[in-house]
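Only one structure is covered here, and it is reproduced in the block below.
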Amino acid sequence: QVQLVESGGDLVQTGGSLRVSCAVSGRDFSSYPMGWFRQPPGKDRRFVAMIGTGGERYYAAPVKGRFTISRDNSVNALYLQMNSLEPEDTAIYYCAASVRPTESTNPMDYEYWGQGTQVTVSS
């Protein structure tokens with residue numbers, strides 16, 4: 001069983017920075033492709049970034065150049081560093097794990113999810 005717990009969500013001003021974290025329990029964390037998704041108010045959950053088991057990274061167009069995904073396999077943790085935040089980044093941020101090799105941006109391809117952490121960017 002894999003459990004994910006996000007933390008670090010907060011209220012920040014436009015242009016600010018924030019890092020959200022995801023602690024992962026369970027075996028073989030290093031073998032899981034991991035992703036960050038977000039759900040803005042009243043909208044569907046959508047892809048933000050993912051990192052593969054070899055460290056390869058993919059980003060959604062709206063966050064490319066501003067957000068950085070990383071992982072620390074020694075402590076079973078996933079991170080999302082967010083810079084130059086905009087009000088449009090306001091959402092609940094979820095981390096997700098896949099137990100199969102994937103580079104997918106589709107949330108349906110991730111089996112395990114955290115409960116989410118709220119990020120609010122004020123204008």
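Give a residue-ordered list of calculated ³J(HN,Hα) values for region 95-103 (Karplus: 6.51 cos²θ - 1.76 cosθ + 1.60, θ = phi - 60°; whole Hz; x for Gly, Pro).
Here the 3J(HN,Hα) series is 9, 8, 10, 10, 8, 10, x, 7, 10 Hz.
For 88, 111, write out the residues from largest to smallest accessible area, computed with a 1.4 angstrom probe and no ligands counted. Write out the running numbers ahead of the final one.
Values: 88 130, 111 75 Å².
Of 88, 111, the descending order of accessible area is 88, 111.
Only four residue types carry charge here, +1 at the Cβ of Lys and Arg and -1 at the Cβ of Asp and Glu. Report the dipole size of region 4-123 about the Cα centre in Debye, rounded to the nearest 20.
60
Could you work out how far apart the two model spin labels at residue 84 and residue 31 are, taking each label as a point 7 Å from the Cα in the direction of the beta carbon, and quote it in nm?
With each label placed 7 Å out from Cα toward Cβ, I get 3.9 nm.
Which value results when the Cα radius of gyration for the chain is divided by 2.2 N^0.38 Å?
Working: Rg = 13.3 Å, N = 123, 2.2 N^0.38 = 13.7 Å.
For the chain, the normalised Cα radius of gyration is 0.97.
From Cα pairs below 8 angstrom and at least 6 apart in sequence, can you work out the relative contact order of region 83-123, rounded to a whole percent?
Details: 51 pairs, mean separation 23.4, N = 41.
For region 83-123, the relative contact order is 57 percent.
At 1.4 Å probe size, put 36, 113 in order of accessible surface, largest to smallest.
On the way: 36 0, 113 70 Å².
So, going from the largest accessible area down, we get 113, 36.
Summarise the accessible area of region 1-58 (1.4 Å probe, protein heavy atoms) by the percent that is carbon and sulfur.
Values: 1270 of 3050 Å².
Taking all protein chains in place, region 1-58 shows 42 percent carbon and sulfur surface.
Figure the gain on full extension for residue 123 and residue 100 (residue separation times 0.36 nm, minus the Cα-Cα span) and round it to one decimal in nm. Spell out each step's value before the answer.
Numbers: separation 23, 0.36 × 23 = 8.28 nm, distance 3.96 nm.
My answer for the length gained is 4.3 nm.
Based on DSSP loop calls and a cut-off of at most 15 other Cβ atoms within 10 Å, the longest stretch of the chain free of exposed trypsin sites (Lys or Arg not before Pro) is what? It would help to have the intermediate numbers written out before the result.
Working: sites that count: 27, 43, 64, 66.
The longest uninterrupted stretch comes out as 67-123.
The values are calculated or read from the model by the stated rules, or taken from the named source; none is laboratory data. For clarity, every value in this text was computed on a predicted model and none was experimentally measured. A quick note on method: Cβ atoms are made from the backbone with ideal geometry, for glycine too, and the neighbour counts reach across all protein chains shown. We work out accessible area using only protein heavy atoms, side chains counted, and drop any ligands, DNA or RNA first. Shrake-Rupley method; radii C 1.70, N 1.55, O 1.52, S 1.80 Å.
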